[in-house]
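Below: the structure, in structure tokens.
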Amino acid sequence: MGRCLPSKLPKALDHMVDRFNESISKEVIIKGSHYIAFLIRAQDVGLKILQDIHASWKLCVILLATAMGICLVWITLMRWIAGYLVWSACLLFVVSFCIAAGISLAKYFHMKDNPDHHLQGPLMLTKDMSYYWNLAYTWLTIGIVCLIIVAVIVLLLLFLRKHLQMAILIIKEASRAVGMMKFTLLWPLIPFVLQLSMFFFWGVCAMYPYCCGLNDGNLSVTYQWTSIRYRST
């Protein structure tokens, strides 16, 4: 854990015993230190998350309210311009993947002539994402995947355009129904809060028996009685 320890501590480890009077080996202590370090890191990550939430909870609430308002406006507009919205969404989807494919392939052609961006041996599995972003084949793979998605979407739009027109009519009617019952837009918040409460209660119930520890069962209690005399006056 990056701490300086006294030189006499390793000798003291040979005489350490647990509550069952069994000797504790160095391997057990080293393994336990790994768990303690993991818990400390997890605590630091949790504290950072809580600090970020505490610092930006107002912005999160504002963004959530804005998203709900945009969804309400979108559903309301579906009554009259559902066809334009659906076709524009499909067009933007295709255009966005075309742009992603173009950028990825441009990065590949820019990096393919540089030997520093090629594999130096077998592909490694690492958590460092910069290793993958610096490979030319990564951008080639992303570009090919984006082109495949664009081809599939275009073929679906060509062969299912009649079914899509029927779906647009159904969306119009559904938009009118939802517009009559605006509370349905707020209802998903209720089960979301209930689910969070259930997970919180489950976490508390799971931690309570863990914090209580194990029952030893071998307890020796010594009672000492003291006689008290009262003097009457």
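Of all residues in region 167-208, none satisfies the criterion of being at pLDDT below 70 and farther than 20 Å from residue 65 by Cα.
What number of residues within region 130-165 satisfy the criterion of being part of a helix (DSSP H, G or I) and either over 27 Å from the mean Cα position of the chain (by Cα) or in contact (Cβ under 8 Å) with a residue 40 or more places away in the chain (or both)?
Within region 130-165, the subset part of a helix (DSSP H, G or I) is 130-133, 136-159, 161-165.
Subset that is either over 27 Å from the mean Cα position of the chain (by Cα) or in contact (Cβ under 8 Å) with a residue 40 or more places away in the chain (or both): 136-137, 140, 142-144, 146-159, 161-165.
Residues that pass the stated criteria total 25.
On the given criteria, is residue 104 of a type outside the set (Val, Ile, Thr), touching a Ser or Thr at 6+ places or on another chain (Cβ under 9 Å) and modelled with pLDDT of 80 or more? Outline the logic, then answer.
Details: of a type outside the set (Val, Ile, Thr): yes; touching a Ser or Thr at 6+ places or on another chain (Cβ under 9 Å): yes; modelled with pLDDT of 80 or more: yes.
Yes.
Take the conditions among the β-branched types (Val, Ile, Thr), out of contact with any Gly (no Cβ under 6 Å at 6 or more places or on another chain) and farther than 30 Å from residue 84 by Cβ and apply them to residue 178. Does it pass? For residue 178, the condition - among the β-branched types (Val, Ile, Thr), out of contact with any Gly (no Cβ under 6 Å at 6 or more places or on another chain) and farther than 30 Å from residue 84 by Cβ - is not met.
Within region 84-97, residues that are over 12 Å from residue 157 (Cα atoms) and in contact (Cβ under 8 Å) with a residue 12 or more places away in the chain have Cβ atoms under 6 Å from residues that are aliphatic (A, V, I, L, M) and surrounded by 15 or more Cβ atoms within 10 Å (Cβ to Cβ) in these pairs: 97/149; 97/150, counting only partners at least 6 apart in sequence or on another chain.
The residues in region 144-163 that are modelled with pLDDT under 90 and under 17 Å from residue 109 (Cβ atoms) can be counted, and the count is 0.
The values are calculated or read from the model by the stated rules, or taken from the named source; none is laboratory data. What you are looking at is a predicted structure, and each value in this text was computed from that prediction instead of being measured. Here the Cβ is made from the backbone with ideal geometry for all residues, glycine too, and neighbour counts use every protein chain on show.
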